[in-house]
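Undergrad: Here it is, the structure, as structure tokens.
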Amino acid sequence: MFKSIKIFSNKRILIFLFSFLLVDMVIGQDAMINIQSRNAISLNGQWNVIIDPTGVGEWLQVWLEKRPQKKTDFFEYSFDGGPVLKVPGDFNSQKSELTFFEGTVWYRKKFNYTIQNEKRLFLHFGAVNYIADVYLNGEKLGIHEGGFTPFQFEITNKVKSGINSIVVKTNNVRQKNGLPGLGYDWFNYGGITRDVNIIETGKTYIQDYSIQLKKGSLNTVSGWIQLDGLQLEQKIEIKIPELNIQYKTKSDKKGLAPVDFSSGFELWSPENPKLYKVIIKSETDSVSENIGFRNIEVKEGKVLLNNHPIFLKAVNIHEENPYKGARAYSRDDANLLLKAAKELGCNLVRLAHYPHNENMIREAERMGLMIWSELPVYQHIDFADSTVPVKMDRMLGEMIRRDKNRCGVVVWSLSNETYPSTPNRDKALVELTKKCKALDSVRLITHVINSQKYLSNSFELWDTLYRHSDLVSINEYAGWYVPWQGKPSDVKWKVVCPEKPVFISEFGGEALFGSDYGPADEAAYWTEEYQEKIYIDQVKMFNTVPNLSGVCPWLLFDYRSLSRLHPVYQKGYNRKGLLSEKGDKKKAWYIMKVYYNKK
Ligand code: GCU
């Protein structure tokens, strides 16, 4: 089988390694924002693939798409005549042989293009899980690590007129120094999971901008616009027709233009998710999108939206279409999940535990749902590995870059249940928090913690990270993983930062919809009654929490997780949903609905 490999000369191996090392340093570039408003050619659809369980494709250099030149030539791979997969979409749910696959799948897509002198061209990915090596016409463009944020490559000088061929090596093998690390309680959907576009721009284009109210203001926009290209000093105009705003500014030698203007905005809120059409026009480019304006802050133990205290009626959601058992990516997927959150009475969705697709963010904002966006810095992270802080910074930048103009996004969550004992954890996460504040001084920042002590029915919240967070976010599973140590209504609290708002970011327990396998008051039968009782008790406990500013059940829908092994009750599903994966309302759903109706 591997005879052909032996023809690799030592010289070839050296070149291969050297070339691999060189080009591999080209990390996916910072992606331009607001793809929806760009001149884009979608590459979504059927892609030819090579499923590569052993990773031999690297040696075979399948991206060269070699073809026999002479009678004795043969190549033990081809994209033609092989399987196809749909993009966007995870590969696991598309083919039964890939159901539990964690490895390499090579994708190939051809596109026709005619070069135009005055144009630049970019290849943009919404996301690829987990590592993507990207090639164009047999040449490596670069690599991107991280399954939940966008990246792009400029291909202006690499594309040719006529047929071009893109090859993407996708690999979702878990990485010890990855984000997330080796273990996590969700399904490791691999592949090209979000949209792929070819984007054409002028020689100088509007690459990025920030248009949001400045901290503490209800009427003053403070931001910037960044051009990219040759002609960086330009006149730029921002128009908001509905408010008769025509604001003029200028970009400097670095292409950066300051933005600072005031107006009587109708503020965005869950009751009134007001968005304005905003047009940004430079001398060589223009983009537009719907943007809302709101102020979010914490004060005296409360969360204030537009200067009014607000209780965060939240729910946790994984980026999974429950009916398909597949990674969610489309607007329909988003609406399916968000409508269910609305029906429960929510005004905020915690998008766990990684940045969800842009459809989710834009639809939530349009529907009047505040958004909590989170980095997959989840449980066991190898903070002592020197590459990890670099990856965290990069992922943070990518997350904020894409969604900073979404007024619906009110919280950046930088970690979930990391272990205080992990070497370098505090230092790395405190550093990350500072970087987040530097990138975005407007939104709330938090770390989700479950290191609290629970002794004689009293919680002690002590974690260092609380000192660096705007919200004291706690995951507690009293009644499920942790038996109650007294009456829920008698719980006592000791919080390291008593002046800060407290948010119960996770609570709950499991139930299999319709389970009547045993007594309702015994956990081991996954009954709805047992889960319902947990919720009844949690609601009683909520009244004891000082500065309680919101709660967030874990979670909306049952979802796939390979670490959930019970053959009768779980079958590879985390069953803590208030809804089954078929959308059935469990008894606990009604407890939460009533609680939110009263709030
Ligand atoms: C944790 C964790 C979740 C997990 C949940 C559970 O708190 O944050 O990702 O799924 O517990 O155990 O169900």
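The values are calculated or read from the model by the stated rules, or taken from the named source; none is laboratory data. Quantities reported herein were computed from a predicted structural model and do not represent experimental measurements. Neighbour counts are summed over all protein chains in view; Cβ atoms, including those assigned to glycine, are modelled from backbone coordinates with ideal geometry.
Undergrad: Being without any contact (Cβ under 8 Å) to a residue 24 or more places away in the chain and either assigned to a loop (DSSP other than H, G, I, E, B) or under 33 Å from the mean Cα position of the chain (by Cα) (or both) is the filter here; which residues of region 511-552 pass it? Don't jump to the end; show me each part of the working.
TA: Filtering region 511-552 down to residues without any contact (Cβ under 8 Å) to a residue 24 or more places away in the chain leaves 516, 518-522, 524, 527, 530.
Listed by number, the residues that qualify are Asp516, Gly518, Pro519, Ala520, Asp521, Glu522, Thr527, Tyr530.
Undergrad: Sort out for me the helices (runs of 4 or more DSSP H) sitting completely within region 298-415 that have 1 or more residues that are in contact with a Leu (Cβ under 9 Å, 6 or more places away or on another chain) and closer than 22 Å to Asp426 by Cα.
TA: Helices (runs of 4 or more DSSP H) meeting the threshold: 387-403.
Undergrad: Regarding Asp558, is this residue modelled with pLDDT of 95 or more and within 16 Å of the ligand (Cβ to nearest atom)? Give the steps one after another, and end with the answer.
TA: On the way: modelled with pLDDT of 95 or more: yes; within 16 Å of the ligand (Cβ to nearest atom): yes.
When the stated conditions are applied, Asp558 passes them.
Undergrad: Given (1) within 16 Å of the ligand (Cβ to nearest atom); (2) over 19 Å from Leu579 (Cα atoms), where does Gly408 come up short, assuming only one miss?
TA: Unmet condition: (1).
Undergrad: Another question, if that's okay. When you go through Gly181, Gly190 one by one, which is the residue that is within 16 Å of the ligand (Cβ to nearest atom) and assigned by TED's automatic domain parsing to the domain that holds Gln94?
TA: Just a single option satisfies the conditions, and that option is Gly181.
Undergrad: For region 433-474, name all the residues that are assigned to a helix (DSSP H, G or I), under 19 Å from Glu499 (Cα atoms) and in contact (Cβ under 8 Å) with a residue 40 or more places away in the chain.
TA: Answer for region 433-474, where residues must be assigned to a helix (DSSP H, G or I), under 19 Å from Glu499 (Cα atoms) and in contact (Cβ under 8 Å) with a residue 40 or more places away in the chain: Thr464, Leu465.
Undergrad: Working carefully through the options Tyr530, Tyr517, Tyr535, find the one that is aromatic (Phe, Trp, Tyr) and surrounded by fewer than 18 Cβ atoms within 10 Å (Cβ to Cβ).
TA: Working: Tyr530 fails: surrounded by fewer than 18 Cβ atoms within 10 Å (Cβ to Cβ); Tyr535 fails: surrounded by fewer than 18 Cβ atoms within 10 Å (Cβ to Cβ).
Of the residues listed, the single one that is aromatic (Phe, Trp, Tyr) and surrounded by fewer than 18 Cβ atoms within 10 Å (Cβ to Cβ) is Tyr517.
Undergrad: Which residue is surrounded by the fewest Cβ atoms within 10 Å (Cβ to Cβ), if the candidates are limited to region 472-486 and must be among the hydrophobic types (A, V, I, L, M, F, W, C) and either under 30 Å from the mean Cα position of the chain (by Cα) or within 11 Å of the ligand (Cβ to nearest atom) (or both)?
TA: Of region 472-486, the ones among the hydrophobic types (A, V, I, L, M, F, W, C) are 472, 474, 478, 480, 482, 484.
Checking the rest, the ones that are also either under 30 Å from the mean Cα position of the chain (by Cα) or within 11 Å of the ligand (Cβ to nearest atom) (or both) come to 472, 474, 478, 480, 482.
Numbers: Val472: 32, Ile474: 23, Ala478: 20, Trp480: 18, Val482: 11.
Out of the qualifying residues, it is Val482.
Undergrad: Six or more apart or on different chains, Cβ under 9 Å: which pairs go from a residue in region 408-423 that's among the aromatic types (Phe, Trp, Tyr) to one that's within 14 Å of the ligand (Cβ to nearest atom) and part of a loop (DSSP other than H, G, I, E, B)? Could you list them?
TA: Matching pairs, first to second residue: Trp412/Leu375; Tyr419/Gln379; Tyr419/His380; Tyr419/Ile381; Tyr419/Ser451.
Undergrad: So Glu417 clears everything in (1) at positive phi; (2) of a type outside the set (A, V, I, L, M, F, W, C); (3) away from the ligand (no atom under 16 Å from the Cβ) except one condition, right? Which one?
TA: Single failed check for Glu417: (3).
Undergrad: Kindly establish whether Leu432 is under 24 Å from Asn188 (Cα atoms), buried (at least 18 other Cβ atoms within 10 Å of the Cβ) and touching a Leu at 6+ places or on another chain (Cβ under 6 Å). Walk me through how you get there before you give the answer.
TA: Working: under 24 Å from Asn188 (Cα atoms): no; buried (at least 18 other Cβ atoms within 10 Å of the Cβ): yes; touching a Leu at 6+ places or on another chain (Cβ under 6 Å): yes.
Considered against the rule, which asks whether it is under 24 Å from Asn188 (Cα atoms), buried (at least 18 other Cβ atoms within 10 Å of the Cβ) and touching a Leu at 6+ places or on another chain (Cβ under 6 Å), Leu432 comes out as no.
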